Amino acid sequence: MQKYLVLYYATESTMQAMMNSTPEDMQAVMGAWKAWADRCGDALVEMSPLSPGGRMTASGSSMNEMGVVTYSVLQAEDLESAQALLADHPHLGSAGCGIEVYGTMSLPWQ
């Protein structure tokens, strides 16, 4: 089994709309995420929302138009299996949102 880093992106306007949503709407969104996590079972190794951040380069840092708002680590046989776990993720149904998936690799000194 390999680990996959999953990055969940959202535009600033999408995040603002979520922050301004009713408690009932927020509960429905969180319920959909929890249902997805429950379906993943042990394949979902870790997941956490992130505070605002940005991109750093040698010349400084800046905010991204599409910010990473959450990350998770999945365990799967291959990339296609990891993507299959995400196929019905509720984040994909929200306007201004996207998901990226990356396989992790060991460093030579590990």
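In table form, for the structure just shown:
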{"read-out": "Residue that is nearest to Ile99 (Cα to Cα) [pool: residues in the stretch 8-26 that are part of a strand (DSSP E or B) and modelled with pLDDT under 95]", "value": "Tyr9"}
{"read-out": "Residue check for Gly31: within 15 Å of His91 (Cα to Cα) and either open to solvent by less than 100 Å² (accessible area, probe 1.4 Å) or not basic (Lys, Arg) (or both)", "value": "yes"}
{"read-out": "Residues that are more than 18 Å from Asp42 (Cβ to Cβ) and either in contact with a strand residue (DSSP E or B) (Cβ under 6 Å, 6 or more places away or on another chain) or open to solvent by less than 60 Å² (accessible area, probe 1.4 Å) (or both), drawn from the stretch 84-94", "value": "Pro90, His91, Ser94"}
{"read-out": "For Leu5: the one exception among (1) assigned to a helix (DSSP H, G or I); (2) surrounded by fewer than 16 Cβ atoms within 10 Å (Cβ to Cβ)", "value": "(1)"}
{"read-out": "Condition met for Ala35 (of a type in the set (Gly, Ala, Ser) and in contact with a strand residue (DSSP E or B) (Cβ under 6 Å, 6 or more places away or on another chain))", "value": "no"}
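The values are calculated or read from the model by the stated rules, or taken from the named source; none is laboratory data. Worth saying up front: this structure is predicted, and the values here are computed from it rather than measured. Virtual Cβ from ideal backbone geometry, glycine too; neighbours counted across all protein chains shown. Please note that ligands, DNA and RNA were not included when accessible areas were found on the heavy atoms of the full protein model with its side chains. Shrake-Rupley method; radii C 1.70, N 1.55, O 1.52, S 1.80 Å.
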